[in-house]
1. Apply the Karplus parameterisation 6.51 cos²θ - 1.76 cosθ + 1.60, with θ equal to phi minus 60°, to every residue of segment 86-91 and state each ³J(HN,Hα) to the nearest whole Hz, in sequence, with x for glycine and proline.
2. Taking θ as phi - 60°, what are the ³J(HN,Hα) couplings along segment 45-58 by the Karplus curve (6.51, -1.76, 1.60), each to the nearest whole Hz, with x for Gly and Pro?
3. First select every other residue whose beta carbon is under 14 angstrom from the beta carbon of P281; then total the charges, Lys and Arg +1, Asp and Glu -1.
4. Scan around Y278 for amide H atoms under 5 Å from its own, H built in the peptide plane at 1.01 Å from N, and keep only partners 5 or more places away or cross-chain.
5. Taking amide H positions as placed in the peptide plane 1.01 Å from N, state which residues far from I175 in sequence (5 or more) or on other chains have amide H under 5 Å from it.
6. What is the helix-to-structure angle for 212-224, meaning the angle in degrees between its Cα long axis and the longest Cα principal axis of the chain, kept from 0 to 90 and rounded to the nearest 10?
7. Residues with amide H under 5 Å of V10's amide H, sequence separation 5 or more or different chain, H placed in the peptide plane at 1.01 Å from N; which?
8. Between L251 and R271, what length in nm is gained on full extension when 0.36 nm per residue of separation is reduced by their alpha carbon distance?
Amino acid sequence: MAGCRYHFAVVSYRDIRHPEFGGAEVIIYEIFRRLAAQGHRVSFVTGHWPGAPREEVIEGMRIHRGGNQYNFNFLAPKMLKQLLVREQVDLVIEDINKIPFFSPLFQRRAPVLGIVPHLFGTTVFQQALLPLALYVYFYERFIPLVYRNCRFSVLSDTTRQDLARRGIARQRIRIIRAGIDHAYYQPLQREGKTPQPVILYLGRLKKYKRIDLVIEALPAILKRVPQAEYWIVGEGDYRGQLEAQVRARGLGDHVRFLGFQSGQAKIETLRQVRVLAYTSPKEGWGLSVIEGGALGIPSVASDSPGLRESVRHGETGFLVRHGDVPALAEKITLLLEDDELWWRMGRRGMEWAAEFNWERMAEETMALAEEIILEWKTRR
């Protein structure tokens, strides 16, 4: 099937221009903009937000927006069916990032590939109010039944194990690692200098990310490193509660909320950072960990699914038991105090990050897509 040109329909809650896009949206964007550049047709069915055009073209990908964050999952099947009736689509790709859209139930015109950063499972109860959490939790429970004949792409072995435990056949699940843009994340020229004792979180501000754990650890860190600061880069609905926690603990002089950053502003911020901290109980992979590693920045993270694969404990950073605030404070402080350790882990992080690139991820996704399309055509 080499040389064929295909039409991919991607169903995703958000596209790359959504104000609350995150790592999952970056991954989908990086894969499919490359496939579009190769001549394949890419159509997105995605959620709308106030002020966004209903349709536009982004780097050759056609974007169709509808609904909002509360009702898009109900509208997505209709929008997808309309697209499939109008045009020949070779493969439907579901970004199963919040709750599944169950496209195998609503259409039989094209096979389905599920791309799964990670599933919430019980962690959804840490993020959402009980009615919504139950809704997401039970939707996930139907994945093995609805998608039993589909193939899946996941970022980590822990997500593969999660799907397998739920009843998906392991041979239907392929691990395809996320990449980074090495032209953008160039190793920093530090000229023998270490950065100031700055700890950074970069990502969406969501309750389940447990960004608050570093705030809890900060008083113990400040006892040994009085100049330490915690910078929080990103936006989200949990910002107000984090700011209130900082005020309540009297840490206003040591915690900075820098808002959303991208492009050169993001790089300039990273150039001033010594340690990354990620304390989520569950991630699909840990893209920001790899990006920071490419710049020579070690990470301290929870020993949780996804993160335990992106952080190589004792080599590129440290893993600590999730929720263990004293251990978190100790490992962060160690990297703030020990220059030799910091340099060694930074160099190893650059070597580790060099193994990941978007081109390889796009190639592996394309190879999987062709397998699925061929199987579909053979069966029919």
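All of the numbers you see were taken from the coordinates with simple rules; none came from a lab. Just so we're clear, the structure is a prediction, and the values are computed from it rather than from any experiment. So basically every Cβ, Gly included, is an ideal-geometry build from the backbone, and we count neighbours across all protein chains shown.
1. Once θ is set to phi - 60°, the couplings for segment 86-91 become 6, 9, 6, 10, 8, 8 Hz.
2. For segment 45-58, the Karplus-derived couplings read 10, 8, x, 9, 9, x, x, 7, x, 5, 9, 6, 10, 10 Hz, x marking Gly and Pro.
3. Values: positive: K206, K207, K209, R210, K282, R308, R321; negative: D162, D212, E283, D303, D324.
Net of charged neighbours comes to +2.
4. Residues meeting the criterion, in which the H sits 1.01 Å from N, are V300, A301, S302.
5. Excluding prolines and chain starts, which carry no amide H, the hits are V154.
6. Rounded to the nearest ten degrees, it is 20.
7. Answer set, sorted by chain and number: S43, F44, V45, I93.
8. Details: separation 20, 0.36 × 20 = 7.20 nm, distance 2.33 nm.
Net length gain for the segment: 4.9 nm.
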